[in-house]
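Notes for the one structure printed next.
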Amino acid sequence: MNNNIESHLSEDRYFSPPAAFSQHARISSMEQYRELHAESINSPETFWAREAEELSWMEPWDKVLEWNAPDAQWFVNAKTNMSYNCLDRHLTSHRRNKAALIWEAESGETETITYAQLHAKVCQFANGLTDLGVQKGDRVLLYMPMIPKAIIAMLACTRIGAVHSIVFGGFSAEAIADRLEDSQAKVIITADGSWRRGKMISLKENVDAALEIYQNIEKVIVCRRTFQPIEMQAGRDMYWADANAGQSTKHDALPLDAEDPMFILYTSGSTGKPKGILHTTGGYMVGTYSTCKYIFDMNDQDVYWCTADIGWITGHSYITYGPLLNGVTQVIYEGAPNFPDFGRFWNIIEKHRVSIFYTAPTAIRAFIKAGDHLPNAHDLSSLRLLGTVGEPINPEAWMWYHQVIGGGRCPIVDTWWQTETGAVMLAPMPGATDIKPGTATMPFFGIDAAILDEDGKECAPNEGGRLVIRKPWPSMLRGIYGDPQRYRDTYWSDYDSYYTAGDGARRDEDGNFWIVGRLDDVLNVSGHRLGTAEIESSLVAHDAVAEAAVVGKPHDIKGQAVVAFAILKSDYTANEELEQALKKHVASTIGALARPDDIYLVPALPKTRSGKIMRRLLKEILATGSVSGNTTTLEDESTVQHLIDTVQHKTNAA
Ligand code: PRX
């Protein structure tokens, strides 16, 4: 039996970088990309040393790389400091009084902080943390809204060598307690609350509940944001203002070893407790710096905006660290994309003249559903480059993003990477790559990506297999916190010394990488392995569909049957005829094999708080009629009951 993942969807549209973009881009032709990529693979030490030399080091490295699979050391024995490189390095240049952060509150209020001001605030808080006894190596948990203080706290931690562990502000008290327990954190930095769609969300209250479970916390530092009533425990809790009071705005950044731990970020796998992904200092710094420079082609005139939250890896690498390392001006936004309506992002782009915009496919699909009139009512002419991350972008969503948001003139960088990889791994070079909608295209410099079959043989063009990385890269994870065995088992056990990402992918005849979905989600229909992404993309390409999720359901004959869940665009209504039309559409665009046995037209899909569809819940509902596992990572738990009822109703009717 053929165990490889099959691929049937073909995409022939190509978009070349506009000449005006290429002319000023760092990488302006495929020849230049190929030459540098070849150097970065054949002589990684030369390539990465050159990149690293653009940053500041307190002591040089003895060796660029020490690789003893699966343990990597980059910039061996070098000393540096991330916070110094994000801030101090710019203070002697024209960037000193340049805006580093333009913060937009959900209420519309804005605050601009220059590099010099940000530096002063970070130094002050670093002194405050030091006075509280926080030392190099101590773990500090952050549970914060999207406000400048969150970024200040991150930079203050890295300045003194404390290891931050950020928990997304939408997670529960139990999630905080689990992460406190696993990381043995000593200090928490939080806020009274945060604003979400005009409502106050309690943060401090959740921290208090978590501290009923985990009690080894010495200090809780609380920012005032919503001014809602909170309880402060004497001796343990203190206000941010008090932690800063009387502290100097000068602080010498601590020289840290390139391999000193910098942060832990928990990521949930499909099974087991969340994994504390550990990143270290020097390699992560070089990786985030370099990817921003080439993939976002950042320069001094740019106003960059990434819509992620600092609770996710995107918020670490492409809000706090990468952009500040590059000295760019960036917008950060506190609130929801649909507050007061789905025009908010376009309003922010117009207001701050954003030139580089980085968001997620899930948001793009929501904007498509909300209608073109919202972006069309705004001047988006400041945009020059668009990006996406987090999931495969369906070609039709890509086309919409390109035309309606980018006005047809902005390259789109579809960036494939993971919490574990630290920085982008696959992405176009915006000034060089001819892009087909829906593919993250080619490996970044230093990334030796390949697609292998189960025997470790490289797959032929368009044959699906497992995406692997065959060489270490600077921003790679250094382990799972406290669990070296799980690190080996999860990432390094499929093939000898290759990193396995857990994603299925194929490479087309031109060498572009297409992610076909998580390997855990792969369907097996009559012995054919199908990725979820293609069938979903086929559905989204139909005029009526805004969003789709595809899963397998046990089937006596086929093994698994294809079942689709789809959300319709607002001007379509669910009926039997449309369901039939959608089935036919999939069969005609992909093949009869992929034709869904059932289609459920639903108002919402179960998503994680970072916007990823939780296909395992859909699978479970279909197989058992209920959901037994943990649903605390769900964005909206009420969608589950609705889905259970819909499936039940259809089964009864049949
Ligand atoms: O399945 C891939 C998907 O998101 C996974 C990583 O998730 P996380 O660690 O939360 O990091 C998200 C932000 C980097 C990957 O294994 N993924 C991420 N980006 C893409 C993607 N799938 C397809 N195309 C992408 N551009």
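Just one of the listed residues (THR158, THR92, THR130) is of a type in the set (Ser, Thr, Tyr) and in contact with a strand residue (DSSP E or B) (Cβ under 7 Å, 6 or more places away or on another chain), namely THR158.
Residues that are closer than 21 Å to PHE444 by Cβ, within 16 Å of the ligand (Cβ to nearest atom) and not in a strand (DSSP E or B) within the range 493-532 comprise TYR498, ASP508, ASN512, listed in sequence order.
Among the residues of the range 31-53, those that are exposed (fewer than 15 other Cβ atoms within 10 Å of the Cβ) and under 29 Å from GLY406 (Cβ atoms) comprise GLU31, ARG34, GLU35.
With the condition kept exactly as written, say whether any residue in the range 101-112 is surrounded by 18 or more Cβ atoms within 10 Å (Cβ to Cβ) and more than 16 Å from ASP309 (Cα to Cα). So far as the range 101-112 goes, no, none of its residues is surrounded by 18 or more Cβ atoms within 10 Å (Cβ to Cβ) and more than 16 Å from ASP309 (Cα to Cα).
Scanning the range 368-396 for residues that are open to solvent by less than 10 Å² (accessible area, probe 1.4 Å), hydrophobic (A, V, I, L, M, F, W, C) and at pLDDT 95 or above yields a total of 3. If you go through the range 403-427 and keep only what is within 15 Å of the ligand (Cβ to nearest atom) and over 17 Å from the mean Cα position of the chain (by Cα), you end up with just PRO411.
When ALA546 is tested against (1) open to solvent by less than 10 Å² (accessible area, probe 1.4 Å); (2) touching a helix residue (DSSP H, G or I) at 6+ places or on another chain (Cβ under 8 Å); (3) at pLDDT below 95; (4) closer than 16 Å to LYS583 by Cβ, only condition (4) is not met. Considering only residues that are of a type outside the set (Gly, Ala, Ser) and open to solvent by 10 Å² or more (accessible area, probe 1.4 Å), look in the range 113-124 and name the one that is farthest from VAL134 (Cα to Cα). That would be THR114.
In the condition set (1) in contact with a helix residue (DSSP H, G or I) (Cβ under 7 Å, 6 or more places away or on another chain); (2) away from the ligand (no atom under 16 Å from the Cβ); (3) of a type in the set (Gly, Ala, Ser), ALA581 is compliant with all but (1). Residues that are more than 21 Å from ARG26 (Cβ to Cβ), in contact with a Lys or Arg (Cβ under 9 Å, 6 or more places away or on another chain) and in a loop (DSSP other than H, G, I, E, B) within the range 432-459 comprise LYS436, PRO437, ASP448, ASP453, GLU454, CYS459, listed in sequence order. Restricting attention to the range 560-579, which residues are touching a residue at least 40 places away in the same chain (Cβ under 8 Å) and either open to solvent by less than 30 Å² (accessible area, probe 1.4 Å) or not assigned by TED's automatic domain parsing to the domain that holds ALA546 (or both)? Within the range 560-579, VAL563, PHE565, ILE567 qualify. Scanning the range 252-289 for residues that are away from the ligand (no atom under 16 Å from the Cβ) and crowded, with 23+ Cβ neighbours inside 10 Å gives ALA253, LEU256, ALA258, MET262, THR280, THR281, GLY282, GLY283, MET285, VAL286, TYR289.
The residues of the range 157-172 that are within 14 Å of ILE201 (Cβ to Cβ) and open to solvent by less than 10 Å² (accessible area, probe 1.4 Å) amount to a single one, VAL167.
For the condition open to solvent by 10 Å² or more (accessible area, probe 1.4 Å), away from the ligand (no atom under 16 Å from the Cβ), closer than 23 Å to GLY446 by Cα and of a type in the set (S, T, N, Q), what is the one hit in ASN338, ASN299? Just a single option satisfies the conditions, and that option is ASN299. If I filter the range 624-639 down to residues being at pLDDT below 90 and part of a helix (DSSP H, G or I), which single residue comes out as least open to solvent (accessible area, probe 1.4 Å)? Out of the qualifying residues, it is THR639. Going by the conditions given, is LEU582 farther than 22 Å from GLY502 by Cβ and outside the structural domain of ALA366 (by TED's automatic domain parsing)? In short, yes.
The values are calculated or read from the model by the stated rules, or taken from the named source; none is laboratory data. Computed from a predicted model, the values in this text were never measured in an experiment. Ideal geometry is used to build each Cβ from the backbone, glycine not excepted, and the neighbour counts take in all protein chains shown. These area figures cover heavy atoms from the full protein model, side chains too; ligands, DNA and RNA do not enter into them. Shrake-Rupley method; radii C 1.70, N 1.55, O 1.52, S 1.80 Å.
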